[in-house]
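Have a look at the structure below, then the notes.
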Amino acid sequence: MLDVSEIFGPTVQGEGKRVGRPSIFIRLARCNLSCSGFAVQYVDDKGQKKLGCDTYYAVDPCFKSQWKKQTSTDIIEQVSALCGDSKYDIVISGGEPLLFWKKADFQALLAHFYKQKQQVTIETNASIAIQFTENYQQHVLFSMSVKLANANEPVQKRINPQAIKNIVDNSTDCYFKFVVNKQEAQSCLTEIKQITGAAAHIDVYLMPQGDTVQALANNDQAVVDLCTKHNYIYCDRTHVRIWSDKRGV
């Protein structure tokens, strides 16, 4: 069984290497990080104000009453209904989906979509070391959104060099994607160089921090400047530009 926060689509991938691609999203619940530094404010089930990432509802256990326990069969049936006759991309996001890597239901999803010739992207913070034991696992596109100091998490918790190496060495396609804000752009740059130094051949995307159009506007020029100066790829947050912080689109 997998903890599912939401399944939705078809919509478009808003970030990263396959931005703009029509996609179905499977958002799994639970995460090993909370990322209060991203400063998205929300109210928990006890009425307390908290700060977290823009998918706090899939991270904070206070929302677990909204999560569903589903088997791979349940999820495949729901995704198939959304796909109809189309071979949409499948994006497995979170939370942190690699928490479920060893689960049979998780592997059944990957195997199924590989057989259906649907591109699977896993959005991960790349802090959990996984083992590659099956051919289909190598064909997943890993979007490694390694968290920087601006996430306000301990460095030993958010950066796992072995976890990153396992993905880089074993997957046929992966890339780095970092969230950067204006105030900490230069310090972020130092960490980005440290994290990516051993994988210089892997594409690096930089993305402005923010869950609203105004927040993106506050940070996007600083990110563009970093990209043009250091030859990184600018990655906007298309879904935020279109739908702001609306869920399920």
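Restricting to DSSP H runs of at least four residues, report the calculated mean residue ellipticity at 222 nm for the chain, -39500 (n - 2.57) per run over all residues, nearest 500 deg cm²/dmol.
Values: 8 runs with 78 residues, N = 249.
That calculation yields -9000 deg cm²/dmol at 222 nm.
Go through segment 183-249 and name the trypsin sites (Lys or Arg not before Pro) that are in a DSSP coil and have 13 or fewer other Cβ atoms within 10 Å of their Cβ.
On the way: sites: Lys193, Lys229, Arg237, Arg241, Lys246, Arg247; in loops: Arg237, Lys246, Arg247.
Answer by residue number: Lys246, Arg247.
Per the chain: cysteines with no other Cys C-beta under 4.7 angstrom?
Cys31, Cys62, Cys83, Cys174, Cys188, Cys227, Cys235
Given labels modelled 7 Å from the Cα in the Cβ direction, how far is it in nm from Ser80 to Asn218?
The modelled label-to-label distance comes out at 4.6 nm.
Taking Lys193 as the anchor, which lysines have their alpha carbon closer than 25 Å to its alpha carbon, excluding any fewer than eight residues away along the same chain?
Reachable lysines: Lys17, Lys147, Lys157, Lys165, Lys177, Lys182, Lys229.
Towards the positive end of the charge dipole of segment 136-247, with charges on Cβ (+1 Lys, Arg; -1 Asp, Glu), say which of Ala199, Asn219, Ser244 has the farthest Cα.
The one lying farthest along the dipole's positive direction is Ser244.
So if I take the centroid of the Cα atoms in segment 108-163 and the same for segment 212-227, what is the distance between those two points in Å?
Centre-to-centre distance over Cα atoms comes out at 26 Å.
Using the heavy atoms of the protein chains alone and a 1.4 angstrom probe, what is the accessible area of segment 120-249 per residue in square angstrom?
Value for segment 120-249: 46 Å² per residue.
Share of antiparallel DSSP beta bridges in segment 1-109, in percent to the nearest 5? Provide the component values of the computation, followed by the final result.
Details: 13 of 18 bridges.
So the antiparallel bridges in segment 1-109 amount to around 70 percent.
Once fully extended, how much extra length lies between His230 and Phe63, figured as 0.36 nm per residue of separation less the alpha-carbon to alpha-carbon distance? Mind showing how you got there, number by number?
Details: separation 167, 0.36 × 167 = 60.12 nm, distance 4.00 nm.
Separation in residues times 0.36 nm, less the Cα-Cα distance, equals 56.1 nm.
Over the chain, with a Gaussian network built from C-alpha contacts below 10 Å, which listed residue (Gln221, Gln70, Gln194) shows the highest mean-square fluctuation?
Maximum fluctuation in the GNM of the chain, among the listed residues, is at Gln194.
How much of the accessible area of the chain, in percent, comes from carbon and sulfur atoms when a 1.4 Å probe is used?
Numbers: 5570 of 11590 Å².
Summing carbon and sulfur atoms, their accessible area is 48 percent of the total for the chain.
On full extension of the chain, what length is gained from Asp44 through Gln162, given 0.36 nm per residue of separation minus the C-alpha to C-alpha distance? Show your work: numbers first, answer last.
On the way: separation 118, 0.36 × 118 = 42.48 nm, distance 3.42 nm.
My answer for the length gained is 39.1 nm.
Which of the aspartates and glutamates could a cross-linker bridge to Lys87, judged by Cα under 15 Å and excluding same-chain residues fewer than eight apart?
Partners within reach: Glu77.
Can you compute the charge dipole magnitude of segment 64-120 about its Cα centre, using +1 on each Lys and Arg Cβ and -1 on each Asp and Glu Cβ, nothing else charged? Give it in debye, rounded to the nearest 20.
Details: 8 positive and 6 negative charges, 37 e Å.
Here the size comes out at about 180 debye.
Rolling a 1.4 Å sphere over the protein heavy atoms, what is the accessible area per residue of segment 2-113, to the nearest Å²?
Working: 4920 Å² over 112 residues.
For segment 2-113, the per-residue accessible area is 44 Å².
Using the crude model of +1 on Lys and Arg Cβ and -1 on Asp and Glu Cβ, and no other charge, please compute the dipole size for the chain relative to its Cα centre, in debye to 20. Walk me through the numbers before you get to the answer.
On the way: 28 positive and 26 negative charges, 29 e Å.
It works out to roughly 140 debye.
Of the candidates His230, His239, His112, which one comes out as most mobile in a Gaussian network treatment of the chain with C-alpha springs shorter than 10 Å?
Ranking His230, His239, His112 by mean-square fluctuation puts His230 first.
Assuming 0.36 nm per residue, please report the length gained on full extension of the stretch Phe132 to Gln186 beyond their Cα-Cα distance.
15.9 nm
The values are calculated or read from the model by the stated rules, or taken from the named source; none is laboratory data. This is a predicted model, so every value here is computed, not measured. Methodologically, a virtual Cβ is constructed for each residue, glycine included, from the backbone with ideal geometry; neighbour enumeration extends over all protein chains shown. Heads up: the accessible areas ignore ligands, DNA and RNA and are worked out on the full protein's heavy atoms, side chains in. Shrake-Rupley method; radii C 1.70, N 1.55, O 1.52, S 1.80 Å.
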